[in-house]
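Q: After the structure tokens below, expect a handful of questions from me.
The values are calculated or read from the model by the stated rules, or taken from the named source; none is laboratory data. Please read these numbers as outputs of a predicted model, since none were measured by experiment. Please note: Cβ atoms are built from the backbone with ideal geometry, for glycine as well, and neighbour counts cover all protein chains shown. What goes into the accessible areas is simple: the full protein's heavy atoms, side chains included, and nothing from ligands, DNA or RNA. Shrake-Rupley method; radii C 1.70, N 1.55, O 1.52, S 1.80 Å.
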Amino acid sequence: MWSSLARKSRTMTCLFLGTHQSSLPLIFNSNVLKPSRSFHHNTLSNNKLSPAFLTPIPSLSIRAFCTNPSAKMADRAVQIQNPDSISYLTQREAAEIDEILMGPLGFSVDQLMELAGLSVAASIAEAYKPSEYKRVLAICGPGNNGGDGLVAARHLYHFGYKPSVCYPKRTPKPLYSGLVTQLESLSVPFLSVEDLPLDLSKDFDILVDAMFGFSFHGTPRPPFDDLIQRLVSLRDHDQTHQKSPVIVSIDIPSGWHVEEGDIGGEGIKPDMLVSLTAPKLCAKKFCGPQHFLGGRFVPPSIADKYKLRLPPYPGTSMCVRIGKPPKIDISALRENYISPELLEEQVEADPIDQFCKWFDDAVAANLKEPNAMALSTAGKDGKPSSRMVLLKGVDKDGFVWYTNYDSRKAHDLSDNPHASLLFYWDGLNRQVRVEGSVQKVSDEESEQYFHSRPRGSQIGAIVSKQSTVVPGRHVLHQQYKELEEKFSDGSLIPKPKHWGGYRLKPELFEFWQGQKSRLHDRLQYSPHEINGQQVWKIERLAP
């Protein structure tokens with residue numbers, strides 16, 4: 001039974017079947033159990049490999065991962081998992097799961113490889129921005145691990161990277177030939193081993209190790225022995241403080257033992273490991289700063305049977321971070337913004353119109369809470385304070401928000417009726433500053449907005465004596481419950497007298513567009529009088 005199954009299988013890595021599922025790749029041989037993510041040294045193109053994919057136990061997801069680099073990759077808040085709470089697979093467990101999945105579920109090899117490569121590309125995009133790590137070299141072996149690298153290179157191209165591929169031992173099967181054709185259609189260069197520079201650090205920012213997967217054993221033969229040594233030698237650059245490209249290994253660092261890891265201690269030391277489906281035992285020996293799990297699949301029955309503990313994937317993401325994030329030198333954090341130029345002749349003459357244009361762009365880009373703004377106030381003591389509030393209206397008269405009239409910001413505005421607003425739209429590299437005088441909106445306007453809110457929010461406004469000390473959250477819950485019961489008949493909830501809106505009348509605008517090398521665009525609008533008429537003067541400020 002297995003021999004026929006093996007003929008149509010492959011060693012692969014990731015699939016999905018649901019929004020909260022994950023996956024795992026494996027291979028079973030009727031005579032010998034062995035990991036399946038690459039190829040046997042003596043059976044380069046004929047290995048009978050198969051994929052397998054496991055799902056994590058369903059769980060609430062968090063933010064979705066965005067594969068568009070211009071949208072900052074990320075929703076970027078990848079969930080972090082404790083590595084000790086995650087399952088690591090042995091060879092036998094992987095083989096058994098692989099046999100179950102590849103039989104009745106009937107996934108095709110190309111489907112699995114596509115999802116594996118996409119998972120790898122998504123993980124790279126999450127950790128290494130194309131603005132800083134643009135030049136990628138994918139070193140691909142002849143097995144399915146190499147196929148994953150080819151697929152990853154294609155996705156990285158579409159993510160905004162500049163990939164090249166070294167594929168010295170090509171597999172003649174139609175699946176692999178098709179992957180090569182797809183890359184060639186994008187003008188992705190294929191480099192021979194002879195074409196590669198001896199020092200890979202000069203021409204590349206990221207090196208994708210897609211040579212051997214977890215069916216590899218023995219001593220690497222040419223040309224892969226030399227390629228592995230080139231990756232190993234990059235450690236010397238780190239020791240001499242020279243910039244070295246990051247190494248990303250797919251599922252198993254090439255040459256490692258699938259369970260025992262880098263036995264001799266002289267192997268590749270990748271900066272990133274992208275485990276596929278579930279981490280293999282050797283991943284416990286991985287000491288690099290970036291460990292991601294890629295791919296999602298597997299029915300709960302398999303997760304229950306093997307007591308698999310796998311992390312939930314955030315939102316629609318293809319990857320999830322495992323373990324602690326790397327230690328960061330805060331002083332080294334920087335973003336080299338890539339944006340269209342903001343030119344004086346292209347903006348609206350009226351800053352309100354320009355704001356509305358940019359606000360519509362933020363909404364169209366599906367940014368989270370595009371109406372969120374930082375409100376800064378200062379009391380009579382001159383001490384400033386800031387907090388995030390939500391814009392609830394904008395027109396020629398100004399910007400409107402609602403709050404508690406007994407809050408700190410309300411007391412500040414009572415003493416000093418001037419404030420500033422700051423909108424920041426990360427996905428568009430834009431921010432808008434607005435300064436002006438503030439006054440309360442009419443009671444009628446506040447009343448109308450109050451009753452447009454959900455009833456729960458109306459009750460919450462009554463319960464919260466904003467900015468005052470409360471003995472505990474239970475007090476708020478109890479008061480909320482009492483009011484909820486009081487108005488359970490659907491009767492009108494009265495607006496509290498201490499709650500209402502403010503309107504900031506703009507006196508100064510600044511529109512900021514992030515640009516390369518910190519040469520940001522800053523256009524300031526300030527009011528001027530010309531021939532007895534109030535107009536807005538547009539001036540460029542130095543970044």
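Q: Where a Cα-Cα gap under 19 Å defines reach, which aspartates and glutamates qualify for Lys243, not counting those fewer than 8 residues away within the same chain?
A: List returned: Glu132, Asp199, Asp203, Asp205, Asp209, Asp271, Asp329, Glu335.
Q: If I model a spin label as a point 7 Å beyond the Cα along the Cα-Cβ vector, how far apart are those points for Lys324 and Ser385 in nm?
A: For Lys324 paired with Ser385, the spin-label model returns 3.5 nm.
Q: Mind grabbing the accessible area of Glu126 for me, 1.4 Å probe, Å², rounded to tens?
A: 20
Q: Can you list the equivalent-ellipsoid semi-axes of the stretch 354-442, largest first and in whole Å, using the square root of 5 times each Cα gyration tensor eigenvalue?
A: 25, 13, 11
Q: Count neighbours as other Cβ atoms within 10 Å of each site's Cβ, and list the trypsin sites (Lys or Arg not before Pro) in the stretch 166-247 that are DSSP loop with at most 10 such neighbours.
A: Lys243
Q: Kirkwood Rh, Cα Rg: Rg to Rh for the stretch 268-307?
A: A ratio of 1.07.
Q: How large is the translational diffusion coefficient of the stretch 287-410 in µm² per second when you combine the Kirkwood radius over alpha carbon pairs with Stokes-Einstein at 37 °C and 0.692 mPa s?
A: D, rounded to a whole number, is 160 µm²/s.
Q: Still on this structure: Once you have the Kirkwood Rh of the stretch 414-519 from its Cα pairs, apply Stokes-Einstein at 4 °C and 1.567 mPa s and quote D in µm²/s.
A: Rounded to a whole number, D works out at 75 µm²/s.
Q: So how much slack lies between Val470 and Leu186, counting 0.36 nm per residue of separation and subtracting their Cα-Cα distance, in nm?
A: Result: 96.1 nm gained on full extension.
Q: Which order do Phe359, Phe286, Phe212 take by accessible area at a 1.4 Å probe, largest first?
A: Phe359, Phe286, Phe212
Q: For the stretch 91-182, just list the percent of Cα-Cα distances falling in each 5 Å bin from zero outward, please.
A: 3, 13, 22, 20, 17, 13, 8, 4, 1
Q: Mind giving me the nanometre distance, one decimal, between the label points for Arg334 and Lys440, set 7 Å out from Cα along Cα→Cβ?
A: It is 4.9 nm.
Q: While we're on this one: Quick one: pull the percent of accessible area on the stretch 150-232 belonging to carbon and sulfur, 1.4 Å probe, ligands and nucleic acids left out.
A: The value for the stretch 150-232 is 54 percent carbon and sulfur by accessible area.
Q: So, one more: Hey, what does the equivalent ellipsoid look like for the stretch 267-340, semi-axes from the Cα gyration tensor as sqrt of 5 times each eigenvalue, largest first, whole Å?
A: 29, 18, 10
Q: Okay, moving on. So for the pair Ser488, Ala542, with labels modelled 7 Å out along Cα→Cβ, what separation do we get in nm?
A: 6.7
Q: Oh, and also: Straight-line reach from Lys173: which lysines have a Cα under 18 Å away, not including same-chain ones fewer than 8 places off?
A: Lys8, Lys48
Q: So what's the stretch 166-279 giving for Cα Rg divided by 2.2 N^0.38 Å, two decimals?
A: Computed over Cα atoms of the stretch 166-279, the ratio equals 1.12.
Q: Separate question: Reachable lysines from Lys409, Cα under 30 Å, same-chain residues fewer than 8 places away excluded?
A: Lys357, Lys368, Lys380, Lys383, Lys392, Lys396, Lys440, Lys465, Lys481, Lys495, Lys497, Lys505
Q: The stretch 309-352: which trypsin sites (Lys or Arg not before Pro) are DSSP loop and have at most 11 other beta-carbon atoms within 10 angstrom? Don't jump to the answer; show the numbers that get you there.
A: Values: sites: Arg309, Arg321, Lys327, Arg334; in loops: Arg309, Lys327, Arg334.
Answer by residue number: Lys327, Arg334.
Q: Give the Rg/Rh ratio for the stretch 158-231, taking Rg as the radius of gyration of the Cα atoms and Rh as the Kirkwood radius, to two decimals.
A: 0.96
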